[in-house]
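Each remark here refers to the structure printed beneath this line.
The values are calculated or read from the model by the stated rules, or taken from the named source; none is laboratory data. Keep in mind the model is a prediction, meaning the values are calculated, not measured. Every residue, glycine as well, gets a Cβ built from its backbone with ideal geometry; the counts of neighbours run over all protein chains shown.
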Amino acid sequence: MSKTVHLRPPLTDGDVVQLEIGDKVLVTGVIYTARDAAHKRLMDLLAAGKELPVDFKGQILYYVGPSPAKPGRVIGAAGPTTSYRMDSYTHTMLQLGLKAMIGKGKRAPEVIAAMQQYKAVYLGATGGAGALISQCIKKAEVVAFPELGPEAIHRLEVENLPAIVINDCQGGDLYELGVKEYRRSAETRDNAAECR
Amino acid sequence: MRQIDAKEITRAVKEAAITANFDLGEDMLAAFKRGEKEEESPSGREVFRQLLENAKIAATERVPMCQDCGLAVIFVELGQDVHVTGGDFQQAIQEGVRQGYGEGFLRKSLCHPLTRANTGDNTPAVIHTEIVPGDHLKITIVPKGGGSENMSRVFMLKPAEGLPGIIDRVLATVREAGPNPCPPIIVGVGIGGTFERAGILAKKALLRHVGSVNPEPELAALEKQLLQGVNDLGIGPQGLGGRITALAVHVVMQPCHIASLPVAVNIQCHAARHKEVVL
Ligand code: SF4
């Protein structure tokens, strides 16, 4: 049975290992944003032996490039972007102590294995629900790479941002499990129709 | 000869870019409502509920429904009896995109392919122009998100592969895309023409109203078969498993070379934005 869990970063191993695929998560507190361009910059800084603009230990990273805020608003639409584009950077991010990622879409097997190794989770937010999700964001500021525009690293203060556990640190994958449950052949579909 | 001022074109494109991003079509809203009732998976029904709420917030608060406000794909039907005055036709459209994305607080999502430097104003839009009889100018703006565009494919099949080959590629494309293009999706299929024409046909197929029936019986039957096949994949809303992976499959077909069978599969996410204006 899936449960609902409130998460408030910084997260400990204990916060993360209790999570199982299908659990609903509500995130409150400070999280950081990054898309591919910001990840690339972070990797370049690491390669050059320089300090990173954010300490990712225990943190949650939200893969999002928000639309600009209208005057009087905190942020524009802010739904998740597709996560596989970050896969090649994720091992390093987890090594730095990152505990959770919020995005949409499948992760590579290596990334799922790395989540097991470093005790981290991948959370899915509803892709395309950018206007809805933005209502959970109470404060937003750019903390690094402002020249990247929507791709800059933002520090967000969120309240009850909803997500669902897609990959837990036991190697589970909700996408695979969910699809298996509903996949059917033409024959089974026709039988199901007859039974109705 | 009817005269249309370039400034009028700019204004129309600007307004269409903004409203396309704020107001989802009635056909999509109706499809979400049906999904909320008919989806068997509880998490799938919750996704439909969220999408309806998201669309409502976007429309009432005048904010984009999705942060990816898309690359502006623009289909133009230019009547041959229209004379555009007071400026460059293509530039008038680009200027409309620039103003719309600026004034509407829409995300600028275009960049240099290699340096990845943002162009800053969401131009250049991709414009497809057709010259048609008459004295009207029809502009359809389709803000196309990257997530679903990335999952789209073009196949150059051997003619021997025929219909089974086409069905196989459509299903494979949707299966491989899985949760990535923000299902529930719409699948546009372009069959025939050439390599590039198939892609344009597939994109045009996305413009048809969701819930409408293809006027060609042969294609209507194929659409039905493809929709069932796609939904039997079990991907479901957001890929969490469910009965409704696609809300519609639309097929457009035209003759091709005797040696070829081009097939394009353009995937459209649930943020299926398009706005048409006729001048
Ligand atoms: S695929 Fe569509 S709904 Fe999903 S994030 Fe991109 S534009 Fe938005």
| request: Look at segment A:10-38 and say how many of its residues are closer than 19 Å to A:ALA140 by Cβ and crowded, with 19+ Cβ neighbours inside 10 Å. | output: 8
| request: Within segment B:19-44, track down each residue that is within 13 Å of chain A (Cβ to nearest Cβ), within 14 Å of B:ALA271 (Cα to Cα) and part of a helix (DSSP H, G or I). | output: B:ASN21, B:PHE22, B:MET28, B:PHE32
| Looking at B:VAL278, B:VAL249, B:VAL187, which is the one that is surrounded by 22 or more Cβ atoms within 10 Å (Cβ to Cβ), of a type outside the set (D, E, K, R), out of contact with any Asp or Glu (no Cβ under 7 Å at 6 or more places or on another chain) and not assigned by TED's automatic domain parsing to the domain that holds B:HIS128? | B:VAL187
| message | With within 23 Å of B:ASN266 (Cβ to Cβ) and modelled with pLDDT of 95 or more as the only criterion, which of B:ILE4, B:ILE57, B:ILE93, B:ILE9 stands out? | response | B:ILE93
| Is there a residue in segment B:96-109 that is closer than 30 Å to A:GLY178 by Cα, outside any helix (DSSP H, G or I), within 16 Å of the ligand (Cβ to nearest atom) and not hydrophobic (A, V, I, L, M, F, W, C)? | no
| said: Are there strands (runs of 3 or more DSSP E) fully within segment B:145-259 with at least 1 residues that are touching a His at 6+ places or on another chain (Cβ under 6 Å)? List them. | reply: B:185-193
| said: I want to confirm something. Restricting to segment A:90-136 and keeping residues that are part of a loop (DSSP other than H, G, I, E, B) and hydrophobic (A, V, I, L, M, F, W, C), which single residue is nearest to the ligand (Cβ to nearest atom)? | reply: A:ALA129
| request: Would you please name the residue that is nearest to the ligand (Cβ to nearest atom), looking only at residues in segment B:134-164 that are within 14 Å of chain A (Cβ to nearest Cβ) and farther than 22 Å from B:ARG208 by Cβ? | output: B:GLY146
| query | For segment A:33-88, which residues satisfy the criterion of being hydroxyl-bearing (Ser, Thr, Tyr), under 30 Å from B:ILE18 (Cβ atoms) and more than 9 Å from chain B (Cβ to nearest Cβ)? | reply | A:THR33, A:TYR62, A:TYR63
